[in-house]
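K.L.:
If you scroll down you'll find the structure; I have some questions about it.
The values are calculated or read from the model by the stated rules, or taken from the named source; none is laboratory data. Quick caveat, the model's predicted, so the values are computed rather than measured. As a convention, Cβ positions derive from the backbone with ideal geometry for all residues, glycine included, and neighbour counts pool all protein chains shown. These area figures cover heavy atoms from the full protein model, side chains too; ligands, DNA and RNA do not enter into them. Shrake-Rupley method; radii C 1.70, N 1.55, O 1.52, S 1.80 Å.
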Amino acid sequence: MDATMLPEVTAAGVIIKAVLILAVIAAIAGFGTYIERKILAFMQRRLGPQHVGPFGLLQLAADGIKLFTKEDIIPQHANKFIFAIAPVITAATAFIALAAVPVFPGFTVPFTDIYVPSIASDINVGILFVLGMMAAGLYGPLLAGMAQSNKWGIIGSARTAIQFLSYEVVTGLSILAPIMLVGSLSFVDFNTYQTDGVWLVVYQPVAFILFLIAGFAETNRTPFDLLEHEAEIISGYVTEYSGMRWGLFFIGEYANMITIGVIASVVFLGGYNDFWFIPGWIMIIAKIAFSFFFMLWVRASWPHIRPDQLMWLCWKVLMPLAVINILITGLVIMI
Amino acid sequence: MSLEQFKNRNVGTQNYVKLDLDHAPTDAWSQFKQVVKRTFQPELFVGLGVTLREMMNSLFRGKSHTTQYPFEKLPVSPRYRAIHDMLRLMESGNYRCIGCGLCEKICISDCISMETKYDENQRKEVSEYTINFGRCIFCGYCAEVCPELAIVHGGRYENASEQRASFSLFEDLLTPIDQLNLQQEYAGFGAISPNADENIKSTPLAY
């Protein structure tokens, strides 16, 4: 709680942190595609990529070369400006959201006195900022689908609008209950609240499950991957995209998956506190990795649902549960 | 027994038993019970367990369904009808074809063409023999009709090549003379695959 104990955060430290986040997360987002293919392959008794490099590790480089050298096609009747900037919106909002998220514990650069904070920008309304930024990410798919003059794109962007807007409600309401317990919107306060070793998921199991479900919907993961489901709408909002513009959507999606993993870890699963004898930075990486793995695991196991089931789940099940959870939490806090 | 029951085409009005259909809920209470039952059934987690088990199997026990095709190939059944082979006589090394022309006659897609002449011993000699694989439908009649077991179907199923002619000439189909000792006799219709034993699964019956 007492931030005065920490060393002063200088501009150099923030810049180092920003570069670190951009480099690490972009690399992980690319590497995530390899992990996803491998894990899905193993779960379906296949082998996955294995010919480029040892264990297929360089498949990532091969895909990168392919994406960069592909022709960048802009359809004739598309709104060219909006079509061009839509993927940038997705990638940019995904990375801006990561600015207010604690990714590693703070440390001092060796041999200097530059302190690199755990959060690039510790604004005291961090959760609000991250959720808002992820909500702004809605404009990427929405504008992309509407600008490309393609019926599948239009359907994809319409689905984007209903899915993201509906599940914003569940995300906000489900995370409201832990915010009431902690009494702050700052991720650092959430972390310090759980230093005694009792994770918030123990107090708020319902909120955790609701947040996880809504997180799957907001990152467009499998039970709710209606935005670009091949069997129904070709590729939804990315139908007309090719090359690196398509790749930016991909990177943004994976960065969002990591953001959801970080929020779940910090808010519900004890953050980057030491656990028994395991240091905190290993714990946070392990938690984020597990939540990433869980998303792939679910994708390999479960079928996806219809749009009407998606709306039914959101408005008739999840939102009432979230409201009841807030009500009970409020009553318990009052008593 | 009359045939009347088989002439009844009103499908669905007879004594069909519908399987796997629960009773639809009629009132609000049974509807509520169904929702509760479906909510707390661990079906989704059973699914997660299945995929995790398969991942462990393929990671640590090497169980994988993948055949890495260009590097490993599944054995082909001897009955498989791929590119033809022309066989030689094991004793003399001469080709078995006697130039009777039956294969050319029976070929239903008319893709075999051969020319024969008499050699100095007044025996039929094949002077030209080609199979147009652009037309061949691999029906196997030519191999079936051949009285000398000279033309048979081989196991060469990888047909990509730079030119069509590399398959279709007599010399290409004929067993090379230096590989005569490796020539396989046609196993015959009804022969089983070399890996037939591996493909046998135990019958899932309890006795």
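K.L.:
Considering only region B:96-125, state which residues are under 28 Å from the mean Cα position of the chain (by Cα), open to solvent by 30 Å² or more (accessible area, probe 1.4 Å) and of a type outside the set (S, T, N, Q).
P.N.:
B:L102, B:E104, B:K105, B:I106, B:I108, B:D110
K.L.:
Could you list, in sequence order, all residues of region B:32-49 that are aliphatic (A, V, I, L, M) and within 7 Å of chain A (Cβ to nearest Cβ)?
P.N.:
Answer for region B:32-49, where residues must be aliphatic (A, V, I, L, M) and within 7 Å of chain A (Cβ to nearest Cβ): B:L44, B:L48.
K.L.:
Among the residues that make up region B:73-83, is at least one of them open to solvent by less than 60 Å² (accessible area, probe 1.4 Å), within 18 Å of B:E171 (Cα to Cα) and under 28 Å from the mean Cα position of the chain (by Cα)?
P.N.:
Checking region B:73-83: at least one residue is open to solvent by less than 60 Å² (accessible area, probe 1.4 Å), within 18 Å of B:E171 (Cα to Cα) and under 28 Å from the mean Cα position of the chain (by Cα).
K.L.:
Return a yes/no flag: does region A:110-122 have any residue that is closer than 28 Å to A:I35 by Cα, in a loop (DSSP other than H, G, I, E, B) and of a type in the set (A, V, I, L, M, F, W, C).
P.N.:
Yes.
K.L.:
Among the residues of region A:16-60, what is the count of those that are open to solvent by 40 Å² or more (accessible area, probe 1.4 Å), within 19 Å of the chain's Cα centre (by Cα) and within 14 Å of chain B (Cβ to nearest Cβ)?
P.N.:
Qualifying residue count, region A:16-60: 2.
K.L.:
Could you tell me whether any residue of region B:140-152 is under 18 Å from B:V76 (Cβ atoms), open to solvent by 20 Å² or more (accessible area, probe 1.4 Å) and assigned by TED's automatic domain parsing to the domain that holds B:G101?
P.N.:
No, there is no match, as no residue in region B:140-152 is under 18 Å from B:V76 (Cβ atoms), open to solvent by 20 Å² or more (accessible area, probe 1.4 Å) and assigned by TED's automatic domain parsing to the domain that holds B:G101.
K.L.:
Return the total of residues in region A:188-207 being open to solvent by less than 60 Å² (accessible area, probe 1.4 Å), in a helix (DSSP H, G or I) and not β-branched (V, I, T).
P.N.:
5
K.L.:
Looking at B:I151, B:I192, B:I98, which one is β-branched (V, I, T), under 14 Å from B:R88 (Cβ atoms) and out of contact with any helix residue (DSSP H, G or I) (no Cβ under 8 Å at 6 or more places or on another chain)?
P.N.:
Exactly one residue qualifies, and that residue is B:I98.
K.L.:
Another question, then. Does region B:174-188 hold any residues that are surrounded by 13 or more Cβ atoms within 10 Å (Cβ to Cβ) and over 21 Å from the mean Cα position of the chain (by Cα), and which are they?
P.N.:
B:L174, B:T175, B:L180, B:Q183
K.L.:
Right, here's the next one. From A:G153, A:G137, which residue is in contact with a Ser or Thr (Cβ under 9 Å, 6 or more places away or on another chain), within 10 Å of A:G236 (Cβ to Cβ) and buried (at least 19 other Cβ atoms within 10 Å of the Cβ)?
P.N.:
Answer to the check: A:G153.
K.L.:
Additional query: Looking at A:L20, A:L40, A:L67, A:L47 in this structure, which one is over 30 Å from A:F111 (Cβ atoms), touching a Phe, Trp or Tyr at 6+ places or on another chain (Cβ under 9 Å) and among the aliphatic types (A, V, I, L, M)?
P.N.:
Answer to the check: A:L67.
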